[in-house]
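Contents: one structure, followed by commentary.
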Amino acid sequence: QTLAMARVLLKDPPILFLTRQRTSAMVELMKNVHNTLLRESRTTVVIAHCLRTVVEVDLSVVLQEGRIAEQGTHEELMRREGCIF
């Protein structure tokens, strides 16, 4: 997985799709990759199952049953009453 991530980053795609990993080794690697990507001008789509893991993103889109249920910044979603997170 580490090698695959390195290959992807070397290709420098304009849009990158990532999923949050659950194994401890991959979690640490993904944190480092994510911090690097934040410093670059790149569109990155992160698939996460827990809102607190994507605090630093510009926009969160919450899907429920395949449809957009909510969207906004982390702060906006956390302030919202009845937010599904």
Fill in the blank from the handout: If you go through Arg42, Arg52, Arg79, the only one that is of a type in the set (Lys, Arg) and closer than 16 Å to Phe17 by Cβ is Arg42
Fill in the blank from the handout: So the strands (runs of 3 or more DSSP E) completely within the chain holding 3 or more residues that are modelled with pLDDT of 80 or more are 60-64, 67-72
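The values are calculated or read from the model by the stated rules, or taken from the named source; none is laboratory data. Note that the coordinates shown come from a computational prediction; the quantities given were computed from them, not determined experimentally. Counting neighbours? That spans all protein chains shown, and the Cβs are built from the backbone with ideal geometry, glycine included.
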